[in-house]
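Participant: Below is a structure I'd like to ask you about.
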Amino acid sequence: MAGETSQQPAPDSGNRGLKRVATNSARAYEACRAHKAVLNELYEFVLPYRAPAGTSAASTAGRVDRIFDGTASKAAFRFAGRMSQDVTPAFQRFFELKVGPYLELEGDAKKDVEQDLAVITAKVSAVLEGADFAVAAGEMYLDLFGGTGAMLMPESDRDVLRFVSVPVGELALREDGYGRVNGIYWEKTYKAEDIKGLWPKDKIRISETLRRIISDSPDTDVKILQASEYDPATGQWKFYAFRPDHCEEGAIYETQENTCPWLTPRFYKVPGEAMGRGPGLMGLPTAKTLNKVTELTIKAAAFAILGLWIYKNDRVFNPKTAVMKPGAMWAVGSTGGNMGASLQRLEVPGRFDISNIILQDLREAVKQIMLDDTLPPDSGAVRSATEIVERMKRLAADLSSAYARLVLEIIRPLIQRVIDVLYRRKLIKTNLTIDQLLLKVEVVSPIAKMQQAQDVSSIVEWLQIQLSLGGMEMTMLTSRVEDIFADIGRKLGVSEKYIRADNDKKKIMGVVAAIIAKAQQAGQQPAAAGQAPPAGALQQEAA
């Protein structure tokens, strides 16, 4: 458990410290330049409405005219929806705070602690459900399709936290010697009049120069750098917001906190690169091929319908000025000998309609690489149930490593951030540190429930084998049946308040034993093994 977070200005928050942060930011942006060039190509061929990195939305005009097949674009949005549903489903609890393996508690003592953790879990879930986290997460997952997502979680005057999805094209990441992100930099241009509302009013500091700009020219564009850097000496994160070209003005806003205000998940990661690689980048070459084949197929169809024509003219044909498009007419000196035809259709060599043979194969390849598990259309060939099941297994196997990283880079830092802010605002009494040893986060989102369901299936299958081979006596001898059902309930996400504590179970077993003893003394037949005593007898004995 950590002490209270310090929010005093950082020791190096002067001009020299801000210049150092600005230098680190420039180096990080330079290191990410090549990766952003690849992202821009992804935006061009898969998400044409998305502005290139560092440009305005107006630069997307006309880009959609170069897209001739929407398979990749559809896969991108399906990917974002799948991540939202599987990792952080909206208005559903996707995590549980649990006692870690190094906190040696058993029985009712462990149950009491987990009940307290359940209360904190409910408070954290209320923050996520009440804010716009689900909306921001959906936008972040769309960027994650390219490999890297980004979400800023600053404190707010009105809400506990704000959740802001940041375009990854505007972001730069820096790693330490062990490949851990220790610097996040976001350069963005704001209107001068909007700067005052970006951070808590009681902690914002505006220089006299910037104050005059806001007063005299509120529509002026002002570039702001928001930087978060990890300080290994204190184990805390320092956040700065300032004008990188005017470091002498000082920071507009700065904090020093126990938790990072950023989520920067990477879907797949290549060693040595700070930015991630996603299914969109992996499938980009195939998507470009599919787009070009579809374009040629459409052009072939247009030529087949409209044709290309030549007509007789008293001038020399110039191939450099001839337009190659369906319905075009070329002026030539002659269209035939001995006063032949003055207007003639020109046969276009080649048959591009054979591309239809490979179009479907290309679409299936794009969907497979980009993790789009859409079932084949009803009009297509009939697919067996075995094939569909194998496709689902293959998809789960492909996502296994990625989901482990998403849990590490989304769920755990997200919950730790909310807990830290709730403690600082005195909405919870203890600032818990999630180390997976004393306190752990147990993921209960749909993707984790699939694994839990497999565990439950294994337990049930084991019990069935015992019952079928050894009967009830051998089952009671080899397995702790009284604990199995409670564990099954926890794996299925049943709340602790519905699971009886050990003391309650001992009381009930004592009541049952007393009833059986009385029945034997009175010469009555004891209840059959496994048959519950009458409810009235239980209530009377418990009283």
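Read the figures in this text as sums done on the coordinates, not as results from a lab. The model shown is predicted, which means the values in this text are computed figures rather than measured ones.
Participant: Would you grab the residues whose amide H sits under 5 Å from the one on GLN236? Only those 5+ places off in sequence or on another chain, please, with H modelled 1.01 Å from N.
Facilitator: Correct list: ASP231.
Participant: Here's a follow-up. Using modelled amide H (1.01 Å from N, peptide plane; none on Pro or chain starts), what sits under 5 Å from the amide H of PHE163, excluding residues fewer than 5 places away?
Facilitator: ASP132
Participant: Kindly write out, for the range 193-209 in residue order, the coupling ³J(HN,Hα) from the Karplus curve 6.51 cos²θ - 1.76 cosθ + 1.60 (θ = phi - 60°), rounded to whole Hz, with x marking Gly and Pro.
Facilitator: 6, 8, 5, 5, x, 7, 9, x, 5, 7, 10, 8, 10, 10, 5, 5, 5
Participant: Taking 21 Å as the cut-off for C-alpha to C-alpha distance, list the pairs among LYS74/LYS288; LYS110/LYS491; LYS123/LYS203; LYS191/LYS238 that go past it. Each step should come with its number before you reach the end.
Facilitator: Working: LYS74/LYS288 14 Å; LYS110/LYS491 17 Å; LYS123/LYS203 26 Å; LYS191/LYS238 25 Å.
In this structure, LYS123/LYS203; LYS191/LYS238 lie more than 21 Å apart at Cα.
Participant: In whole Hz, with x marking every Gly and Pro, tabulate ³J(HN,Hα) for the range 135-152 from phi via Karplus 6.51 cos²θ - 1.76 cosθ + 1.60, θ = phi - 60°.
Facilitator: 5, 5, 5, x, 5, 5, 5, 5, 6, 4, 4, x, x, 9, x, 8, 9, 9
Participant: Under the Karplus relation 6.51 cos²θ - 1.76 cosθ + 1.60, θ = phi - 60°, what is the ordered set of whole-Hz ³J(HN,Hα) values for the range 278-283, x standing for Gly and Pro?
Facilitator: In residue order, the calculated couplings are x, x, x, 5, 5, x Hz.
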